[in-house]
Every structure is written in structure tokens, then in C-alpha cells.
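Following: one structure in C-alpha cells, then a few remarks.
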There are 2 protein chains.
Amino acid sequence: MQTYDLSGGKLCDTLPAALRADILSGAIAPGEKLPSKRRLAEHHGISINTVQNAYEQLIAEGYIESRERSGYYVSDLPTSLSSSALPPVGEEVTEQAPPVWLDLVTNTPDGTRFPFSLWARLMRRVLTEEGEALLAPLPAAGAPALQSAIAEYLRHGRGIAVEPCQVVIGAGTEYLYHLLLQLLGRERVYGLEDPGHSKIARIYALNGVRFRPVPLDEGGVCADAPERLGIEVLHISPNHHFPTGIVTPATRRRALLAWMGQGDRYIIEDDYDSEFRFTGRPIPPLFGMDTADRVIYMNTFSKTIAPSMRISYMVLPKPLLARYRQQLGFYACPVPAFEQYTLARFLREGHFERHLHRMRTFYRTRRDAVIALLQSAPFAARIRIKEADAGLHFLVELKIDRSDGELRSVLEKGGIRVAFLGDYHIEKKEGKTDTHTIVLNYSGVEPERLAEGIRRLCETL
Amino acid sequence: MQTYDLSGGKLCDTLPAALRADILSGAIAPGEKLPSKRRLAEHHGISINTVQNAYEQLIAEGYIESRERSGYYVSDLPTSLSSSALPPVGEEVTEQAPPVWLDLVTNTPDGTRFPFSLWARLMRRVLTEEGEALLAPLPAAGAPALQSAIAEYLRHGRGIAVEPCQVVIGAGTEYLYHLLLQLLGRERVYGLEDPGHSKIARIYALNGVRFRPVPLDEGGVCADAPERLGIEVLHISPNHHFPTGIVTPATRRRALLAWMGQGDRYIIEDDYDSEFRFTGRPIPPLFGMDTADRVIYMNTFSKTIAPSMRISYMVLPKPLLARYRQQLGFYACPVPAFEQYTLARFLREGHFERHLHRMRTFYRTRRDAVIALLQSAPFAARIRIKEADAGLHFLVELKIDRSDGELRSVLEKGGIRVAFLGDYHIEKKEGKTDTHTIVLNYSGVEPERLAEGIRRLCETL
């Protein structure tokens, strides 16, 4: 039995916190039985009442459930549950949202597929071989070994030639967005794809940056929109747009580069899930077409390795690199040396490309299974699958009259969490709220569970 | 012999980069002899010319030196050397600053004192015991185990009672400043101690935040200044001000809290090196005196463990915590789970307090040795040591006529890098530039080297 350190404060606070931590971290798995109240109490030399209260609190919060005459079990949690899902401090939980049983919104990579034991072996080697060098401060842009390994990967894997010194390593793309705002200047007007990642808009808003939603057509960002809207920095994902899945064609790319060339303008190219393309050849990044040295390339290892792996990077064109060093070179690199050295080896020794290859196969199989289930469902005639060639999500167009809101609430009552295309609209337009299109993030969806979800759903509807 | 991966680009770029990386990371130590040109060339199957060019470039950059009839050796580098010290990309190096031989500016903790093998053991245990749980996403504020361990440390070590959930973990204080700007709002007027950490002013400026320098007297921030200057968020280090070393007395603390209580105002308390107090009892943080729930406590492990350890934390008062979760809870915690779990164990098992205890003894001995050397120097009658009770720096007041600028340039010619009190003035005032006071950061100063520096200096003067 796990022993908890309960010395850190009032027992009535620490026991639930310790249990919650273990559930959130996965140390106690969903479905696992918790020790009996008596056993846990004896183990820690505390009263059964204290344990009883802790268990009751966790039931109220939805972490565990009590099964009659059997005991306490860890609930199935959506993998995205984090402290933001907890009730705010000092507020009573008044309304309990139904527990999420099937999450079609969060694209958490399947952690069990990651070659963890190999990774752990690399970590042990780094620990032994690098030793105290791991304590030395790193250059602001990151460990040169990782910069080189990323540059090499980009050359092989994405077909773009960059020098290692152009790679700037950050603790997640969110961190890099902050750096870029400081580098390009907050007085500029930023353009964001609409629909798009609402998180980017949120970060820009929190940082007081002026940004404008830029409309899309079937080729991605409308060619004339950036000029018309007075955009100065355009933030796009032309290789696989989220959530529509659009791949921007070459002519549109050239048009956007032409727009960029006409002034002191920049394009931030977010290549967030280019690794998972199932049909045809990989889409070469816009970065490689840029002759004006003003496209910034960004990518992350959160999706390809693990979300807890807070390593992302951007590739700065050389003129910006000089400015970066001068203005932002004083910032310490936020990623620990240890993770950087481990990842550098993982890349250099070919494990990353092998892992990607396995994951592509795995995701393709899963995507096929999910689509097959949907297409054999009783409601198959009323849906249409779109943009399933790439990435960890696709669109499900619904030929139904129900509004998105109605359908969402029916699904939520059944414990199914979905997102509609409209949820990703930055500019909410009156009367245009019903998109009748679900953005289905399938990477974490067990086909068996989806089959059961479809059965339940058909009963409800 | 170290093997370099030279596949990442043009060889004439990658070999110097690989060598530079090894020197910066400490993998090749100062004073160490490099392989002969012939040997390195053979080892990598490259031409001697390529190696020759690489060595010459590194000599020009000051990383290595050639000793006649002996070979190439790694130069003594200041530990703060990072990519920002490198010439900007695409620019020629026109003027070469003399190499720094004795750095009295950078307070890099002495890495060799850190119990690295113990740390590595903990890392191995975390790897084995946590396993794949290390891949799971963490709550935004950090790993609950680390939050608890920090709360416990604050209770024992700093005498303040906080709940684990109030602790927000970030990748360095710079990261936390960014979070705080978003949390408290960028439209507010921030007040910064003047003199003070110029880095904070730089971050505020880069983020377009209005800030005003707040003057100090012998008790720290002048009691009436925040009100007079229209400050809304006051950023201070009352327990040991950098660089003056002032400890703000209780009456002044009460006055500042009274100012804070009169409006929607906040105090950010930076407790950056409170662990290293040598005389008397530790100074209890302002946080513990706050009854209005508007003091934010900040600290970092960069100074106490290693600068490459990008883990800092802040303690939010509860009303702010609710706002943090609502507004910023979507940010992923930027610190890898692995480092958080390791640090949690390091704290929980008492290693951190033992390490602090050893470091206090070590730094006190070093400080005493440095002061003894200065007081027995030929110029001893013309200096006065001030504020040496705490922290990793003290002041050296100079009774001389030379301007700060003149003295700096004499010292720099001898390879001695110093900072004057005036360097930390945020508001540079005409005619007030000569402070005749050196801020001596001694933590990385070898007494033997200082003795030699004093000899050289006396010859020069």
C-alpha cells in the first residue's frame, strides 16, 4: 500500500490531496480499488473518521466512487482533468457536472504507447555520462546538443534546412508565444485563424496584444484577408489546420508569402501535428518557401512524446535570431538540461522517428476503427466524415435539425464530451452558432468504449 | 575522446559548435587539454584543416588558448558565459573584450558543492518508482507532491503557514513574473526597488507594463513613495534587498502593509536568497504579516540548488488563487514531472535543509576569506565592507577619487569584472553616476584567485 506523507498540514486537507495527486498522476489507476477505510487508517495511525471524510470529499469531487458492499474505486477520469477542473478555492460545489465517461475533445496522446523503458534507459545514461554537467547553466536558446538534433530532424523529417543555432527551445508552445510577443513587439496587430486554437487567442488577450480573427475558406486563410484586416503578424497552421484539417495549397501559400513580403510582416507557422499524416507525402512547411527570412517555424514534442514533456521549439530566421539574442538572450532557458540531453539522444539515435512511425500506424488503425464504428452506427446515414487524412482529429458533419447546444446537452447527460466546430470560432457571430459539425479528437478514444457510447447514445436519442 | 555528431550541417559550423557546447556545459573543463588536431581529425575522419579552423575560431572567441609546443587548452571562462555573450549571428567580431579572469558580478552557486550523486540517486528512484506516471499531464500549478513539500519547507524553514494548493510552480522566476503580470493585470502601475534587479525592469519593459522605480532609504522602500508614485503593485525584497543588502525593519513593513491595505494593491515579496543569512535569526517574510491576503511570496531553487534547475514557486493568497485557476489554469505547468518529483523527495527527505546548512557554512567561510583578503590588501585603508551579514554579495565602499567608470576600465583591463552600485540604478540620474561602491558577488570567487587578482591589481594601480 502506498504510504502518504501526511505531515504537511491539517490531516483533513492532506489525505484528500495526497489521494487526489495519486489519482491524477495515474499512480492509482481508474477502476483500481482503494484500501478499506480501516486499513488505510491503521496504516497511517489515523482515525477511520478522517479516512471516511477524505473518501467522501473525493466522491463529491468525482475522483472516486463507492460500490455497495464492495468498497471504493477510482473513477474513470477524463485524461485532461487538472486543477482547473477542481472547484475554485473557497467556493462550495453547488452544481456537479455529470462525470465524463467518453472524452472526444481532449487529444491526449496515448501514454502507454510511448517507449518509456527506453526513455528511462536514456535518462539513466544521461545521468551517468553527463553527471554534474547537468547542473551547469545552459545558453538561453537551449542545449546545443538538442538544437543540433532538432535541426537534423527537421532536415530529414520535414525537409527544411536550418542551422542548429536558429533553434530556440522553450517550455511548451505557450512559453514560446510569450517570447515571440516580446520579440516581434506587442504593438503589432496579430492575426489568428478563425476558427482556430482558442488558447492562442486567450494568451494574446491576457497579454494585452491586439489580434484579429482572420476568416478561412477551403484553402485556409483567405488570401486578401491579412491585408484587408491590417494584420502584421499572421499566426497560422497551413500544413494541417486545427480544427478544420485544411491543408493550404501552394498557390495560397505563395499569396500569403507575397503579402508578407510587402512590409515589415511576419508569419508564425505552427506545424503542431504534421507528424501524423496518413495519406500521401508529408506537407513541406511554409518555412522552406520563405525567401524573405520572416517565417517563424514552431513545433512541440507534447503531442508526439507526452503532454508532460514541456519541450517545444521555434526556428527563427537569421535576422530575428540576432534580435532575439540581443533583446531576449538574458532569459534563462526554462527547460532543464536533463530533459534536453535525453531528448537529444532520443532524436539522434533514431528512436523518435521509429516512435513516430509506430504511432502513425497506431493512430491510423485507431482512426479507421473509430470511423468504421461511426459508419456502421444506426445514425450513419446522417453523418459525413471529413478531413480524416491527417492529424489526431477529423470532422463529423451532422445532417440533423437539432442545434449544437441541444445535441451537446444530450451527449453530456450521457457522459460524452464533444466539441463543435463553432466552439473554435474566435468571433462568435449571431445566428451562425450552429455548425452541425463535431470536431472528433480520436487519439485517446478506445474503440470499445466508443462502441458502447454509440449504443448508449442510440438508446437516449 | 568525446565523439561529436557532425552530421547536422556544414562541418565548419558544427565542429566549433560542438566543442563550444562541451566547454560551456563543463564537459571539457577549464585548463583541460584538447586532443591534438591530428587526433581529432582522424577520430572523425575529417581534415586537419577543418580542425585547425575550428580551433582558431574558438581561440578568437576566447574559449580556448594555444600554448606553444604544448597544444590547445580550454580557457578559464566566467561561469555566466552563455549564448548572449557570443557575437550576434551575421555580424563580424570587430572588438574583442578582454577575457574575464575574475568575475565578481555573477553569483553562480558553486556547483561542485551540490550533492549531485544523491540527487542522481533520487532521480533513479523516481524513474523506477513513478514509471510511466511521469508522462501524465500535471495540474497547472504543479505536482501536488512538490506543492506539499514546499508548503512544509516554508512552515519549517521560513515560518509561514500556507496550504499546498497555494503554491504555484514555475520554470524560473522569470516565468512567474509573466504569470503575475497576466494575473494582476498589465494595466496596473508596478513599482520596482531602485536600485534593484535590472532584469525585472527589463521583463516589465519587454511586456509593455508601466513601472516606476521606487527610491530606497536605509530601511528599504521609502514609506511614502508607493503612495506618492501611484504604485499599485509593489515588487520588493524586504528580507535582503539586492544589491544593497538592506533588511526592511518591522515598522517599515507595517507601513508598507498599511499602504497596501488602502486600495486594490498588491505586494510581490521576492525572498530570493533568504536561505543564506549568517548572523542572527532568519528574517520572517512579509507574507506572514499580511492580513489583507494580498502579499504574493516568491522564491527559487536556482540559487540554492543549481542555476540549471529551473524551478521557482510563488505562494498566492487565496483570493488570487481562485482567480489564477479561473484565468490561468489553462496553462500547462512548464516544469517536467520528473524534476518536480525529484525535488519533492529532496525536500521531504530532509536533503534540502542539510544542503542549505552545509552551503551556509561554506559561504560563510568563503565570505570570511574574501573579506580577510580585502582587509589585508595594500588598499585596505581605502575600502569599507558593508552589509555582509547575509546573502551571496556584500558592498565594498571605496574612498577614492577615481570615477566608477575609470576604475571599471582599469579592472577590466586586468580581466576583473565588477559591478558598481550604480549599475543597479534603474533610473540613471545625471551627476549621480559615481557610487564609489562595488557590489561584490563572492559566491563563485575562489580565494586563491582573488589573492592573485589583488596582487595584479596593485601592480597595475
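The values are calculated or read from the model by the stated rules, or taken from the named source; none is laboratory data. Since the structure is predicted, the reported quantities are computational estimates derived from the model, not experimental observations. Note that we place each Cβ from the backbone using ideal geometry, even for glycine, and neighbour counts take in every protein chain shown. Heads up: the accessible areas ignore ligands, DNA and RNA and are worked out on the full protein's heavy atoms, side chains in. Shrake-Rupley method; radii C 1.70, N 1.55, O 1.52, S 1.80 Å.
Relative intensity of segment A:317-461 on a log10 scale, I(q)/I(0) at q = 0.14, 0.20 Å⁻¹, equals -0.83, -1.20, per a Debye sum over C-alpha point scatterers of equal strength in the absence of solvent.
Distances between copies at B:Ile371, taken between label points 7 Å from Cα along the C-beta direction, are 7.5 nm in increasing order.
Rounded to the nearest 10 degrees, the angle from helix B:351-375 to the longest Cα principal axis of chain B is 70 degrees.
For chain B, the longest principal axis of the alpha carbon atoms and the long axis of helix B:173-184 meet at an angle near 30°.
Our summary of shape: the Cα atoms of segment A:353-420 have principal axis extents of 44, 23, 18 Å, ordered from largest down, in whole angstrom.
Against the 2.2 N^0.38 Å scaling, with N counting residues, where does chain A land? I'd like the Cα-based Rg ratio to two decimal places. Walk me through the intermediate numbers first.
Working: Rg = 24.1 Å, N = 461, 2.2 N^0.38 = 22.6 Å.
In units of the globular-protein estimate, chain A measures up at 1.06.
Accessible surface for the protein assembly as shown, divided over its residues, is 41 Å² per residue with a 1.4 Å probe. Ellipsoid semi-axes for segment A:96-192, based on the Cα gyration tensor and the rule √(5λ), read 29, 26, 16 Å when sorted largest first.
Packing-based ranking of B:164-175, A:215-226 yields B:164-175, A:215-226, ordered from highest to lowest mean Cβ neighbour count within 10 Å. Estimated from helical segments only, the mean residue ellipticity of the protein assembly as shown at 222 nm is -12000 deg cm²/dmol, where each DSSP H run of four or more residues counts as -39500 (n - 2.57).
Largest first and in whole Å, what are the equivalent-ellipsoid semi-axes of segment B:115-161 based on the Cα gyration tensor, each being the root of 5 times an eigenvalue?
Semi-axes from the Cα gyration tensor: 23, 17, 7 Å.
Computing Rg and the Kirkwood Rh from the Cα coordinates of segment A:192-283 gives a ratio, Rg/Rh, of 0.96. In nanometers and ordered shortest first, the copy-to-copy spacing of the A:Gly261 label point, defined 7 Å from Cα toward Cβ, is 6.6.
Let me confirm one metric for peptide B:140-149, namely the mean number of other chain beta-carbon atoms within 10 Å of its residues' beta-carbons.
Numbers: counts 3, 3, 1, 4, 10, 9, 1, 4, 11, 2.
Other-chain Cβ atoms within 10 Å of each residue's Cβ, averaged: 5.
Express the relative contact order of segment B:335-461 as a whole percentage, based on alpha carbon pairs under 8 Å and six or more residues apart in sequence. Computed over segment B:335-461, the figure is 26 percent.
Plainly put, the tip 7 Å out from Cα toward Cβ on A:Pro319 is 4.9 nm from that tip on each other copy, the closest given first. Once C-alpha pairs closer than 8 Å and six or more residues apart are averaged by separation and normalised to the residue number of chain B, the relative contact order reads 18 percent. Within 10 Å of the Cβ of each residue in A:320-333, the mean number of Cβ atoms contributed by other protein chains is 5.
For chain B, the longest principal axis of the alpha carbon atoms and the long axis of helix B:11-25 meet at an angle near 50°. Segment B:225-264 has equivalent-ellipsoid semi-axes of 19, 12, 8 Å, by the square roots of 5 times the alpha carbon gyration tensor eigenvalues, sorted largest first.
Taking the convex hull of the alpha carbon positions in segment B:250-328 and averaging its projected area over all directions gives 6.5 nm².
How much of the pair distance distribution for segment B:281-395 lies past 17 Å, counting alpha-carbon pairs only, in percent?
Details: 4697 of 6555 pairs.
So the portion of pairs separated by more than 17 Å is 72 percent.
Under a 5 Å amide H cut-off, with hydrogens placed 1.01 Å from N, B:Glu193 pairs with B:Val214, B:His235 among residues at least 5 apart or on other chains. The magnitude of the dipole of chain B, with charges of +1 and -1 set on the Cβ of Lys/Arg and Asp/Glu and taken from the Cα centre, is near 840 debye.
For segment B:155-215, what D do you get in µm² per second when you plug the Kirkwood radius from alpha-carbon pairs into Stokes-Einstein at 37 °C and 0.692 mPa s?
Roughly 247 µm²/s, to the nearest whole number.
One equal scatterer on each Cα of segment A:130-256, no solvent, Debye formula: the resulting log10 I(q)/I(0) at q = 0.22 Å⁻¹ is -1.30.
To the nearest 100 Å², how much accessible surface do chains B and A cover up together, summed over both, with a 1.4 Å probe?
Protein heavy atoms only, the B-A interface buries about 6700 Å².
Size descriptors for the protein assembly as shown: radius of gyration and Dmax over Cα atoms are 28.9, 95 Å. Computed in the context of the full set of protein chains, the accessible area of segment B:261-323 at 1.4 Å probe radius has 49% of its extent on carbon or sulfur.
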